[in-house]
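Only the coordinates and a few stated rules stand behind these numbers; no lab work does. Nothing here was measured: the structure is a model prediction, and the numbers come from that model. Here the Cβ is made from the backbone with ideal geometry for all residues, glycine too, and neighbour counts use every protein chain on show.
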2 protein chains.
Amino acid sequence: MPKLGMEPIRKEALVKATIFEIGRTGSLDVTVSQIAKRAGMSSALAHHYFGSKEDIFLAAMRHILTLYGAEVRGALAAAEGVDGRVRAVLRASFSPGNFRREAVSAWLNFWVLAQSVPEAKRLLAVYQGRLKSNLTAGLRPLAGARAPEIAESLGAMIDGLYLREVLKSGAPDGAAAVAIALRHLEAELARGV
Amino acid sequence: MPKLGMEPIRKEALVKATIFEIGRTGSLDVTVSQIAKRAGMSSALAHHYFGSKEDIFLAAMRHILTLYGAEVRGALAAAEGVDGRVRAVLRASFSPGNFRREAVSAWLNFWVLAQSVPEAKRLLAVYQGRLKSNLTAGLRPLAGARAPEIAESLGAMIDGLYLREVLKSGAPDGAAAVAIALRHLEAELARGV
DNA sequence: TTTTTTGTTGATTGACGAGTCAATAAACTT
DNA sequence: AAGTTTATTGACTCGTCAATCAACAAAAAA
């Protein structure tokens, strides 16, 4: 039975199952057994590939961050016009891939994890740093010297919209979120003129 | 030894201890024993006054909500000028009493709790409702028909600023947060003219 | 002064869960 | 063919923790 090269496959399955289970229960109180079962294997195997539960969580977090980063990069590459880059970041942030119940719930829980696990905190800081620099770069031609401060508030706005999404019932509405963020952006830009 | 009328005293001590411990560890993984110890009593007594751990958490959440509500009401009562009421809400939201490490961390964790405990979700919905109506009322004379939508985005911004605070190291800076929120407000208002 | 109510805790129960281990099996190497 | 590496799991250990209980103490009520 043992086909070789199972490691990456198993790991990916575990990571996805982790995000799913965290999203489903809405908390980090998810047992390794639950995750392993969802991923179709024994808990012992999960422990075999990842050393500990914490490692599994961190891998899941990296995965979400990677997905998000890829989406942003993709949108950025296709961006056109002076305000194209900022819009691209916003669109990517609220794209169906990222702005979906499980993922948003996972984000929130990773935020909590960051308070007690240094590595999680580091990863979140990386995310914030990239977000800010992407926004700032995109804002530069639009807002000049005011780019950094607008990037800061836009970043907070994005996180706030994520946060509020977890309380809503029903399907997530990325378009509405983008609209709010864009309005904020336009207002800030208009003010600068 | 048994002085009578201990119940409210014990309960309050437990609630405060709970918020402190959640803030300290940054998670809901706090044992009843930890809380009880911090409050200066046995875990059995904590269970005696509150039925379960969940009840303790909910009481702590209500406490934070009550504190916040009181502060907002106070600031609102002293508000003057057309934009006084909105500014009052913002000032109260980021006042040292509310915008402090433990409290902010507790907020974040209650947000997580809301995902699995209906009563917690209800409480948070009450908070969002009050916040929105307070902001809308204050914005009405400033923004007229646009009041609701601005209240929505300002609300998201406030939550976002709270969220970001938990990642920062060092003492919380309420003034900086208020400044960002106010800038957003001004920009939105200017746009409407 | 007996009884009831309120306060209080150490000890215990019972469940659950992370992580380990021994064992089994199929590949791949030499 | 013998030995090594990779895959896989059931069973088990060990710790933790929420919740309960039995028991004791003191005040208030009867």
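Below are the figures for this structure:
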| item | result |
| --- | --- |
| Inter-copy separations for B:Asp29, label at 7 Å along Cα-Cβ, nm, ascending | 1.3 |
| Charged-residue dipole, Cβ positions (Lys, Arg, Asp, Glu), the stretch A:50-126 about Cα centre, Debye nearest 20 | 80 debye |
| C-alpha center-to-center spacing [the stretch B:162-176, the stretch B:1-48] in angstrom | 27 Å |
| Rounded, prolate or oblate (a/c below 1.5 giving rounded, otherwise prolate when a/b exceeds b/c) for the stretch B:76-140 by Cα gyration tensor | oblate |
| Per-bin percent of Cα-Cα distances, the stretch A:1-160 [5 Å] | 2, 9, 17, 19, 17, 13, 10, 7, 5, 2, 1, 0, 0 |
| Cα-based radius of gyration of the protein assembly as shown once divided by 2.2 N^0.38 Å, which approximates compact folds | 1.05 |
| Cα centroid of the stretch A:104-143 to Cα centroid of the stretch B:103-149, whole Å | 23 Å |
| Convex hull volume per residue for the stretch B:93-193, taking Cα atoms only, in Å³ | 99 Å³ |
| Calculated FRET value between B:Ala179 and A:Ser116, using beta carbons and R₀ = 22 Å, to 0.05 | 0.15 |
| Mean ellipticity per residue at 222 nm, deg cm²/dmol - from DSSP H runs of n ≥ 4 across chain B, formula -39500 (n - 2.57) | -25500 deg cm²/dmol |
| Cβ nearest the rotation axis (B onto A), residue from chain B and distance to the nearest whole Å | B:Gly160, 1 |
| Other copies of B:Glu80: label-to-label distances in nm, shortest first, labels 7 Å along the beta-carbon direction | 5.6 |
| Distance-filtered residues of the stretch A:170-193 - backbone nitrogen under 18 Å, label point 7 angstrom along A:Arg146 Cα→Cβ | A:181-193 |
| Exam field: A:Glu149 pseudo-label spacings to other copies (7 Å along Cα-Cβ), nanometres | 2.5 |
| Exercise: per-residue mean of other protein chain Cβ atoms within 10 Å, A:150-156 | 5 |
| Which of A:Leu123, A:Leu185, B:Leu182, A:Leu161 has the fewest Cβ neighbours within 10 Å, and the rest in rising order | B:Leu182, A:Leu123, A:Leu185, A:Leu161 |
| Label-point separation in nm, B:Lys37 to A:Glu80, each point 7 Å along Cα→Cβ | 6.4 nm |
| Mean separation of Cα contacts under 8 Å (6+ apart) over length of chain B, as relative contact order % | 21 percent |
| Label-point separation, B:Leu67 to A:Leu45 (7 Å along Cα→Cβ), nm | 4.8 nm |
| Residues A:Arg91, A:Arg62, sorted so that the one with the fewest Cβ neighbours within 10 Å comes first | A:Arg62, A:Arg91 |
